[in-house]
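I have placed the structure first, in the form of structure tokens, so that the comments after it can refer back to it.
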Amino acid sequence: MDLEASSVPHRVYAEPVGGHVSLGRSLRLIIHIVITAAIGLPLAYAIGGTPSEATAPWFVGTLVVVLFLVGVVVRGLRVAAQWERGVVLRLGKFRDVKGPGILYVIPVLDFVRFVDTRVLALNIPSQKVITKDNVPASIDGALFFRVSDAGRAVTVIQDYQFAIAQYAQASLRDVIGGLSLDELLTEREQIQQRIASSLEERIKEWGVHVDSIRLLDIEMPEDLKRMMSRQASAEREKRATITKAEGDKLAAANLAEAAATMALSPGAMQLRTLQTVDGLGPTPSNTVILYPVELVQAVTALLNLAQRKELPAKE
């Protein structure tokens, strides 16, 4: 069991980034202190007078009220990062989309939700599908998308990231279920485009745009992999045999042409013979016996002449 677990490659997926990080907390604190010092203290002195045993309750009470009111007012300050948009709801109704930068929402009345408009990546977990020719396969991938309309992404769909992940898995199974195994292995780019187009058609009203879908890994049964390996090996052997036969045919044609050319010049064959002998090298294992070509030709001519004389005698 441990050996099987160790043989499976470890895959690392990108972890989703957390939600909105409040960038206005320090700004609210500084503004709170400045306004309190500029307005709260003079107002407390004006109402309660110089702090003493008699006026201390008025002074402290005025200062606490000012701190509370300033805190309520300053609480509406928000800061949206460059990649964020703030969707503002006033008393539950969609009001506006604000950001990036500093924005103000009315405390108690307004609610703001920040939406990330960068390109986001979601992992599509391994999906078990059956191709058109009844071959089981497991396929995983990655989905890249971004929010194009923050208002619709918040008000139209409950959780657009979860919903788009579910649609991506369904689209992957639907598209690959209509393809054969050969199409799945050879038309990867077209399959990715088809899945992205199908997903874009379904989620375009959510204010979300699909950037791309990439298929990461395709797993098939081991026996099918072995059969495909044997098929590929046989195909390569077939091509090698055909290539060798074509080479032999071309070499034979060139040799015949060379022989015809050499037959026109008696000295060409002798030069070729000498070149062949020279190419053997001076190694001791090679024993070269020179046999005159003219002698072979003379013997051949005598044999032909003898055969022609024997034929009339037999008749």
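Bear in mind these aren't lab numbers, they're just calculated from the coordinates by the rules spelled out. These figures come from a predicted structure and were not determined experimentally.
Which shape class, rounded, prolate or oblate, goes with segment 120-224 when its Cα gyration tensor gives a ≥ b ≥ c as root eigenvalues, a/c under 1.5 marks rounded, and past that a/b bigger than b/c marks prolate?
Prolate shape, in that a/c is at least 1.5 and a/b is the bigger ratio.
Where the Cα atoms of segment 25-116 are projected onto their three principal axes, how long is each span, largest first, in whole Å?
Sorted largest first, the three principal extents are 54, 26, 14 Å.
Could you work out the pair-distance distribution P(r) of segment 41-172 from its alpha-carbon pairs, with 5 angstrom bin width and percents rounded to whole numbers?
Per 5 Å bin, starting at zero, the Cα-Cα P(r) for segment 41-172 comes out as 2, 9, 12, 11, 10, 9, 8, 8, 7, 6, 5, 4, 3, 2, 2, 1, 1, 1, 0 percent.
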